[in-house]
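Participant: Dropping the structure in here first, questions after.
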Amino acid sequence: MHLTGYVGLLFSLLAMLFLACGAGFAAWNKKENALIIIERGQLGAAGGVIFSTVLLLIALSSRDYSFQYVYDNVDNALSFIYTLTALWGGREGSLLFWELIIAVSGMIFVYTPGYKSLGSETKLYFWMFYLTIQGFFLLLLSGWSNPFIEIIPAPADGRGLNPLLRNPGMIFHPPLLFLGFAMYAIPAACALAASIAGETKSWVKICRNWNILSWIFLTAGIVLGGWWSYMELGWGGYWAWDPVENASLIPWFAGTAVLHTTIIEARRNALQRINVFLMSLTFLLCIFSTYLTRSGVIESLHTFGASPVAVPLFWSMVVWLVVTLMVTFMSERPTHRTLSDFMSRQGMLVIAAWFPLALGMVVTLGTMWPVIAQLWTTKTMGLTADFYNRVCLPFMAMLVLLFCYCPWMGWKGGIRNMKGFSGVTVVLVVSFGAVYAMGITKPLATLTAAAAVAAMSGIVMLFIFYPAMRVMRQSWGAYGVHLGLALMALGIAFSGPYKIEEELILAKGDIAVVGEYQVKYLSMKEDNDDADIVARATVTLEVTKDGKFVGIMNPDKRIYRNFEKQQFAEVSTIPSLGDELYATLLGFTGEEKASFKISVNPLVNWVWIGGTFMCLFGFLLLRRTPRSGEGR
């Protein structure tokens, strides 16, 4: 089965590269009759990827330890669901899963009305780019990152999945990120192809749904990753500005910018070159994210460590950037229209696009700072979370503030509804005063919270002043996404700067005060009920406020089979839409005392609620792509 799986990848590699070259040759020589061969051929090549993936899944589910990949990521005690998630839990499997999504996306795209409406030359150039992308990933999988390496003789048991990955987040977080990354290949390749071919139909409209879906999945992956970090790592926060966390955020910034600039192209037929560049850049940054997690260039808890795929990934980014620049600046655009001034809705959309791009640039430079600093010193240090908070949070506050006013501006300039504009301003000022009176006196937190409240109030006013919006699915989708953003901003404004955290050593019966809450250490028990857990110590903490019972927390410390040299903490929380109590068991000291980290996180759950709104309302933005010949 090892050889069979590898041959499936090798077949797909050769087929993809052959078809990519054929598509480029046919497009250059205007041989449109070759298109049917390319389209059918890519279905067969994608079938090879699906076949190899199924074989690896069979090997994982049957715990066939003659596979090096299965041995590294599975053991006999691992539950079945995590055995399957091991497909994307390791270096080789995650690359195969990414390539699988790209291959399946191509199979789906070829049957969509949007694809069928493209000109033949554009289709050929699309396949040239798209199949080359797949060929590159298959080259990695058949060379430097082969998931079908055999172990002889086969071991009786495996090493097992890292205990930090045995979390429900593992089931959803990586696949969502990979869906976002991989699906961006469709609009990126289409944008470059349409630009080269001089396509008369708008690639922005044709790829709109793919662009939105990619953004939704990437957003969901990032939000879920923040929740996973909050619940699993035990440090009490949800975003540490870790290099790999940043790596997933950087393409999201670019993708968010594209969503705003493509609105202008769809409405005003402007920013055509910029949109081609930004769309291709977004996919490039998805590859950059993979490079960071696999190159070893940056140290992080989340990385796979140094890998031989680092060099080909680096050069693939260089080549893709060169191609993007050449296509963007050398191709001819059929039309060009100038923008209105910045005091218009399209002007504010441009500003709204540049804000995330600026954030992405700051985060990229900060993440790569240890590498950049090697140019002048051998003693390099990564930038702390304090740097990112001081630089990035003001951008976020200004972005939310911008959204308060953007909907009230006219497309060609001026204020389209003075009542709404004035109403938002009044809410902003009143909210600022109210938040300040509540004791939220840090300027940035106060401004962000007030802007979030004003933005949400503005959305309500829009649906009051413009009744037609109430029956428009697109309006519910667009403003629902921004409602989610405002809720997230509100949660971040409170949960970050006003988090209360204490590290305590308590004996049984001791009571500690954390903010307005009293925490009592009641008891501790030891067990090893789970076949996968060698030892576990669980403590019981009772929380009260002003003498009234609030809840019970049961954080624990555990040792997993095959990982006996490490201890892993499982946090416990008392969920709330206001103050959430959060406890981590750090360890035990002499005389039956235990060490805890206990924190009070105000409004933290609004971060998850807001992120969920952004994803769910995003689906309302999807719409049917007109078939060729239908009105647009």
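The values are calculated or read from the model by the stated rules, or taken from the named source; none is laboratory data. Here the structure is a predicted model, which means the values were calculated and not measured. Cβ sites come from the backbone with ideal geometry, for glycine too, and all protein chains shown count toward neighbours. Side chains are part of the model used for accessible areas, which takes the heavy atoms of the whole protein and leaves out ligands, DNA and RNA. Shrake-Rupley method; radii C 1.70, N 1.55, O 1.52, S 1.80 Å.
Participant: Rounded to the nearest 10 Å², what accessible area does residue 494 show when all protein chains are kept and the probe is 1.4 Å?
Facilitator: Counting only protein heavy atoms, the figure is 20 Å².
Participant: Turning to a different aspect of this structure: Would you rank 596, 465 by solvent-accessible area, highest first, keeping every protein chain in place and using a 1.4 Å probe?
Facilitator: Largest to smallest exposure gives the sequence 465, 596.
Participant: Next question, about the same structure. I'd like the carbon and sulfur percentage of the solvent accessible area for segment 409-458, probe radius 1.4 Å, heavy atoms only, ligands and nucleic acids excluded.
Facilitator: 73 percent
Participant: To the nearest 0.05, what FRET efficiency results for residue 81 and residue 622 with a Förster distance of 41 Å applied to their C-beta separation?
Facilitator: After rounding, the FRET efficiency stands at 0.90.
Participant: Still on this model: With every protein chain left in place, what is the accessible area of residue 72 in Å² (1.4 Å probe, nearest 10)?
Facilitator: Only protein atoms counted, so the area is about 50 Å².
Participant: When you have a sec, figure out the Kirkwood radius of the chain from all distinct Cα pair distances and drop it here in Å to one decimal?
Facilitator: Evaluated over the chain, this radius sits at 26.6 Å.
Participant: Quote the relative contact order of segment 482-632 in percent (integer), defining contacts as alpha-carbon pairs under 8 Å separated by 6+ residues.
Facilitator: So the answer I get is 27 percent.
Participant: Let me ask another. Work out how much length residue 201 to residue 419 would gain on full extension: take 0.36 nm times their residue separation and subtract the Cα-Cα distance, in nm to one decimal.
Facilitator: In short, 74.6 nm is gained.
Participant: What are the ³J(HN,Hα) couplings of segment 38-53, residue after residue, when phi is run through the Karplus curve with 6.51, -1.76, 1.60 and θ = phi - 60°? Round to Hz, x for glycine and proline.
Facilitator: Working through the residues one at a time gives 5, 5, 6, x, 5, 5, x, 5, 5, x, x, 5, 4, 4, 5, 5 Hz.
Participant: Ok, one more. Hey, which aspartates and glutamates would be in cross-link range of residue 123, C-alpha to C-alpha under 17 Å, not counting anything within fewer than 8 residues on its own chain?
Facilitator: Result set, ordered by chain and number: 32, 39, 199.
Participant: May I pose another question? Can you sort 536, 390, 623 by solvent-accessible area, 1.4 Å probe, largest first?
Facilitator: From most exposed to least exposed: 390, 623, 536.
Participant: Right, something else. What chymotrypsin sites (Phe, Trp or Tyr not before Pro) in segment 76-162 are in a loop by DSSP, with at most 11 other Cβ atoms within 10 Å of the Cβ?
Facilitator: Sites meeting the loop and neighbour criteria: 111.
Participant: For segment 208-225, just list the computed ³J(HN,Hα) in residue order, Karplus coefficients 6.51, -1.76 and 1.60, θ = phi - 60°, integers in Hz, with x standing in for Gly and Pro.
Facilitator: Using θ = phi - 60°, the values come out as 4, 5, 5, 5, 5, 4, 4, 5, 4, 5, 5, 4, 4, x, 5, 5, 5, x Hz.
Participant: While we're on this one: In percent, what relative contact order does segment 36-158 have, based on Cα pairs under 8 Å that are 6 or more apart in sequence?
Facilitator: Across segment 36-158, relative contact order equals 40 percent.
Participant: Right, next: With a point put 7 Å past each Cα toward its Cβ, work out how far residue 524 is from residue 33 in nm, to one decimal.
Facilitator: Reported label-point gap for residue 524 and residue 33 is 8.1 nm.
Participant: Still on this structure, I have one more. Would you mind calculating the relative contact order of segment 226-285 from Cα pairs under 8 angstrom and at least 6 residues apart, reporting the percent as a whole number?
Facilitator: In percent, rounded to a whole number, it is 28.
Participant: Is there a pair in 30/116; 379/557; 508/545 whose C-alpha atoms are over 27 Å apart, and which pairs would that be?
Facilitator: Result: 379/557 exceed 27 Å.
Participant: Something else: Using a 1.4 Å probe, what is the accessible area per residue for the chain, in Å²?
Facilitator: With all protein chains present, the chain gives 42 Å² per residue.
Participant: Using mean Cβ contacts within 10 Å as the protection proxy, how do 196-204, 358-366 order, highest first?
Facilitator: Descending packing order for the listed peptides: 196-204, 358-366.
Participant: Here is a follow-up. Can you show me the helix-derived [θ] at 222 nm for the chain, built from DSSP H runs with n ≥ 4 at -39,500 (n - 2.57) apiece and divided by the number of residues, rounded to the nearest 500.
Facilitator: Calculated from helices alone, the mean residue ellipticity at 222 nm is -19500 deg cm²/dmol.
Participant: Subtracting the Cα-Cα distance from 0.36 nm times the residue separation, let me have the gained length for residue 40 to residue 548 in nm, one decimal.
Facilitator: Length gained between residue 40 and residue 548: 176.0 nm.
Participant: Here's something else I'd like to know. Per residue of segment 403-415, what does 6.51 cos²θ - 1.76 cosθ + 1.60 with θ = phi - 60° give for ³J(HN,Hα)? Whole Hz please, x for Gly and Pro, Karplus curve as stated.
Facilitator: My calculation for segment 403-415 gives 5, 4, 10, 4, x, 8, 8, x, 5, 9, x, x, 8 Hz in order.
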